[in-house]
Ligand SMILES: Nc1ncnc2c1ncn2[C@@H]1O[C@H](COP(=O)(O)OP(=O)(O)OP(=O)(O)O)[C@@H](O)[C@H]1O
Ligand SMILES: [Mg+2]
């Protein structure tokens with residue numbers, strides 16, 4: 001049974017029909033990527049899963065239990081954490097406070113302190129900046145903080161929305177290898193990316209989204225060699 | 001050294017202001033205030049590092065202020081006292097009270113200067129102990145030299161209690177509430193209904209009177225409940241829209257109390273509740289029972305010291321409570337919500353609950369304050385709860401430094417005392433000059449000049465100046481100061497960030 005499953009999900013912003021019957025599965029331990037052009041509905045899919053934008057039609061299940069009408073803060077308690085598009089770190093809280101905020105649903109002080117260390121291990125740059133305020137970090141550092149903050153909730157499923165956005169090429173490589181490491185420690189990941197090449201290189205499977213519908217799904221390696229994907233998303237003629 | 005003298009002069013200016021306005025033995029109170037100012041500022045700003053330096057600078061500042069006090073006390077009694085028709089004290093009295101005022105200023109200055117340099121936490125303990133002592137002796141001084149400030153100080157403290165509550169809503173949770181006076185009114189009317197004979201008088205029965213000690217908590221709960229009720233419809237609103245809606249509530253509630261003077265329920269000609277005067281309309285409800293406590297007399301209006309001490313205790317307890325709240329899970333949720341609502345809910349924070357709790361807790365402070373106010377002034381009158389109350393309390397919060405408790409207290413005292421004590425006293429002074437010099441045309445013209453009419457204008461002016469000169473508030477926390485004065489960030493931080501590989505904004509790096 002899939003860990004996370006969407007069945008025929010329709011989401012709306014007011015009367016804008018953003019998701020038109022999305023079905024997808026993410027198995028335990030996988031990295032699944034969602035690629036598509038601007039406005040295809042990738043972020044909307046993540047918002048729908050995390051309960052910020054509940055679907056009007058369709059089902060979402062986490063380990064078999066329905067979560068589609070569960071409010072956002074409860075979804076977090078169930079272990080689905082999101083590093084949202086545009087990072088949305090807390091600008092006036094320090095790096096450490098931001099991380100601790102990520103562990104809001106947890107009460108085990110020792111475990112939280114341990115996880116802060118773990119995040120600092122993944123992103124040493126954040127350790128140098130523990131008392132700096134989030135809003136004054138560089139874009140890349142903010143991205144690290146956003147991912148680190150989501151990890152603080154000990155997610156079973158981590159939703160990443162464009163973790164490479166606005167990063168220098170060296171840093172993109174670094175972030176993707178960290179994502180792989182996070183996955184290797186047992187966290188299931190649903191990854192939304194513009195950078196399809198990188199995303200497919202670390203993912204197990206992928207879905208291609210077009211104006212709110214899934215048009216293609218396959219293993220990552222098959223997608224990489226798919227002609228349509230190459231043309232539209234990998235920039236290969 | 002020159003800095004200490006400077007501080008002394010500034011403290012002295014405050015003293016002169018008080019002496020000129022009040023005359024008599026007010027120089028003692030002026031000494032108390034000057035000593036506080038001199039000691040606190042000199043301690044914080046001294047160039048020295050040792051306790052000796054602290055004592056020296058505090059002493060110098062206090063002494064400079066003291067000399068100014070003595071001189072201005074002499075001048076005041078020479079030129080103004082007869083002019084306003086007060087009794088002229090003997091020269092010896094003028095001198096000895098002046099010297100006593102100066103001595104108070106010096107001792108306080110030196111003590112606070114010394115306290116500043118005690119090691120570690122003992123420094124703040126000592127400072128608080130001295131402040132506590134001043135808070136303790138002030139009402140006795142006020143009473144014995146017939147200063148007559150106590151009633152106004154108590155009202156000011158009630159407003160500070162409100163500001164502490166509003167600080168939760170605006171400062172911690174980031175919800176701009178312009179209708180805070182509504183809950184103040186709800187608290188006062190709850191007290192009026194429960195601990196006066198009013199309802200019984202209207203309906204011809206002897207209603208039970210609920211004790212003050214219970215009523216303040218019922219009033220707080222009532223206001224908290226209305227905080228929830230009024231907060232619920234504002235949940236989806238943010239920023240400007242929230243401000244407008246709360247503004248509306250703030251206007252509606254006092255009007256409802258004003259207009260419930262003909263209250264009754266009649267459906268299809270059947271009178272379920274006979275029409276009667278529920279709230280007393282414009283005249284309000286009075287008298288409200290004062291608290292009863294063995295050994296203390298709250299009913300004696302000429303000695304308000306019990307009210308003062310009870311309120312100081314309540315405020316201390318509130319500060320303790322709010323500090324605990326701030327560090328709690330709820331406090332952290334407020335902070336996250338203030339920063340970014342969506343991100344906060346992605347962290348597992350229940351936005352609905354967090355927001356409503358902020359409204360409810362803020363409102364219950366206001367309700368508590370309202371009940372206390374009602375009992376203190378002995379009645380609930382709709383005119384005490386108009387929009388200006390909401391504005392003044394909001395100004396206390398912002399002027400003091402958003403989210404900063406000592407700032408809120410200092411800012412609140414300054415605003416309340418200026419508004420209710422100093423401005424009316426200036427008016428009184430000018431009027432009595434005019435009265436006692438009716439045959440002098442240039443002076444009798446003062447009769448028509450009433451500075452209290454300009455209070456709103458002055459208030460606005462102060463706000464504009466404050467926001468221009470010190471947008472971070474009177475006592476900002478280091479954080480906000482850095483945020484608002486980015487250009488003055490310390491050079492060390494800038495140098496450090498230049499060694500970084502990629503862009504990092506340096507402006508507000510806090511530590
Ligand atoms: N808050 C909103 N209100 C109205 N429409 C929205 C809102 N957010 C997104 N949309 C619309 O929904 C559609 C899908 O948006 P979404 O953000 O999911 O795209 P995306 O695939 O993440 O694109 P990108 O790669 O540019 O981030 C778009 O047409 C967008 O205009
Ligand atoms: Mg997107």
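Values quoted throughout were computed directly from the atomic coordinates according to the rules given, and no laboratory measurement underlies them. Since we're looking at a predicted model, the values are computed, not measured. Cβ atoms come from the backbone with ideal geometry, glycine included; neighbour counts cover every protein chain shown.
Annotations for the structure displayed:
- For B:368, B:449, A:90, order by how many other beta-carbon atoms lie within 10 Å, fewest first: B:449, A:90, B:368
- In degrees, nearest ten, helix A:169-184 long axis to first principal axis of chain A (Cα): 90 degrees
- Modelled this way, with points 7 Å down the Cα-to-C-beta line, the labels at residue B:432 and residue A:165 are 6.9 nm from one another.
- Shape category assigned to the stretch B:72-158 from the gyration tensor of Cα positions, a/c cut at 1.5: oblate
- The stretch B:153-411 shape via C-alpha gyration tensor axes, a/c threshold 1.5: oblate
- Sorted from greatest to least, the principal axis extents spanned by the alpha carbons of the stretch B:1-152 come out as 52, 33, 23 Å.
- Cα gyration tensor category, rounded, prolate or oblate, for chain B with a/c compared to 1.5: oblate
- Each residue, residue B:252 and residue A:185, gets one label point 7 Å from its Cα in the Cβ direction; the gap between the two is 5.1 nm.
- Estimated purely from DSSP H runs of n ≥ 4, each contributing -39500 (n - 2.57), the mean residue ellipticity at 222 nm for chain B is -22000 deg cm²/dmol once divided by its residues.
- Going from the fewest other Cβ atoms within 10 Å to the most, the residues A:12, B:241 appear in the order B:241, A:12.
- Helix A:139-151 axis, angle to chain A major axis (alpha carbon atoms, nearest 10°): 90 degrees
- The helix-only estimate of mean residue ellipticity at 222 nm for chain A, built from DSSP H runs of length n ≥ 4 each weighted as -39500 (n - 2.57), is -10500 deg cm²/dmol after division by the residue total.
- Gap separating the Cα centres of the stretch A:101-152 and the stretch B:64-117, nearest whole Å: 57 Å
- Take the Cα of residue B:91, step 7 Å toward its Cβ, do the same at residue B:52, and the gap between the two points is 4.1 nm.
- Ranking of B:71, B:464, B:253 by count of other Cβ atoms within 10 Å, fewest first: B:464, B:71, B:253
- With a Förster radius of 30 Å applied to the C-beta separation of residue B:263 and residue B:213, the computed FRET efficiency comes to 0.60.
- With 0.36 nm allotted per residue and the present C-alpha distance subtracted, the residue B:439-residue B:270 stretch has 54.0 nm of extension available.
- Centre-to-centre, using Cα atoms only, the stretch B:341-397 and the stretch A:1-26 are separated by 42 Å.
- With only Cα atoms counted, the protein assembly as shown has Rg and Dmax values of 32.2, 106 Å.
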